[in-house]
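Encoded as structure tokens, the structure appears first; notes follow it.
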């Protein structure tokens with residue numbers, strides 16, 4: 001085995017240990033194939049800079065799955081996830097690979113990105129469980145087919161937490177949970193989010209801080225539960241959640 005391959009294997013082990021989860025051979029092959037497809041597409045259309053080596057395995061795969069450590073212990077469960085602002089497929093495609101009984105909706109307003117997501121879903125043999133939607137979150141959140149329809153609504157690196165909450169919560173079933181991925185997280189942000197959530201009939205269930213392996217920094221995950229049905233006026237019109245964020 002070449003040194004490069006040995007290093008890669010050691011790196012992978014660090015990641016799986018951190019996740020307390022080990023992919024099957026099929027799942028590992030899907031992640032490797034996903035990396036190849038990203039590299040290929042990146043040549044013609046700039047999707048992400050995190051495609052090589054540790055950038056991909058820790059910066060994308062581990063970063064996507066670490067907040068779902070709890071869910072990874074029960075891969076046989078069947079849940080419906082929606083990934084808002086899915087971009088190049090993280091965390092959505094990573095979740096689809098790791099949770100073989102779940103269905104994932106990938107939402108992005110960029111046709112360039114959703115074209116890639118559709119192609120990749122097909123290539124990885126996941127298109128029976130992945131639905132790709134080209135739409136703004138504000139509009140999709142009012143769509144009766146999507147609204148109140150998901151066990152998990154997730155966003156990674158989209159906007160400030162109070163803005164993201166307004167995008168996510170309308171998608172949740174009454175028992176559903178929103179997961180907001182953040183880098184740094186402050187007490188001030190927490191207070192603004194709490195205020196915003198009272199408008200959305202939701203509350204923070206848990207804050208969890210993770211340290212990514214290989215010196216990749218700190219990640220905070222905020223889990224939010226619905227207390228009651230999200231009021232019909234949310235999400236507001238396109239652009240409004242960002243221009244006039246809740247909680248201020």
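Some points to look at:
- Among the residues listed as 101, 127, the single one being free of Cβ contacts under 8 Å to residues at least 40 places away in the same chain, in contact with a helix residue (DSSP H, G or I) (Cβ under 8 Å, 6 or more places away or on another chain) and part of a loop (DSSP other than H, G, I, E, B): 127
- Residues located in the range 72-94, provided they are within 13 Å of the chain's Cα centre (by Cα) and assigned to a helix (DSSP H, G or I): 92, 93, 94
- Summed over the range 31-89, the residues that are surrounded by fewer than 20 Cβ atoms within 10 Å (Cβ to Cβ), out of contact with any helix residue (DSSP H, G or I) (no Cβ under 8 Å at 6 or more places or on another chain) and touching a residue at least 40 places away in the same chain (Cβ under 8 Å) give a count of 2.
- So residue 143, is it farther than 20 Å from residue 63 by Cβ, without any contact (Cβ under 8 Å) to a residue 40 or more places away in the chain and either in contact with a strand residue (DSSP E or B) (Cβ under 7 Å, 6 or more places away or on another chain) or assigned to a loop (DSSP other than H, G, I, E, B) (or both): yes
- Filtered by the rule that a residue be part of a loop (DSSP other than H, G, I, E, B) and crowded, with 19+ Cβ neighbours inside 10 Å, the range 104-124 gives a lone residue, 124.
- Residue within the range 171-189 that is within 27 Å of residue 19 (Cβ to Cβ), over 19 Å from the mean Cα position of the chain (by Cα) and either modelled with pLDDT of 95 or more or surrounded by 15 or more Cβ atoms within 10 Å (Cβ to Cβ) (or both) present: yes
- Scanning the range 127-169 for residues that are crowded, with 19+ Cβ neighbours inside 10 Å, over 18 Å from residue 190 (Cα atoms) and either more than 16 Å from the chain's Cα centre (by Cα) or modelled with pLDDT under 95 (or both) yields a total of 4.
- In the range 193-216, the residues that are out of contact with any strand residue (DSSP E or B) (no Cβ under 8 Å at 6 or more places or on another chain), closer than 28 Å to residue 60 by Cα and surrounded by fewer than 13 Cβ atoms within 10 Å (Cβ to Cβ): 215
- Entry remark, the range 198-223: residues being over 30 Å from residue 54 (Cα atoms) and touching a residue at least 40 places away in the same chain (Cβ under 8 Å) number 2 in total.
The values are calculated or read from the model by the stated rules, or taken from the named source; none is laboratory data. Everything numeric here is computed off the predicted structure, so don't read it as measured data. Glycine also receives a Cβ, built like all others from the backbone with ideal geometry; neighbour counts cover every protein chain displayed.
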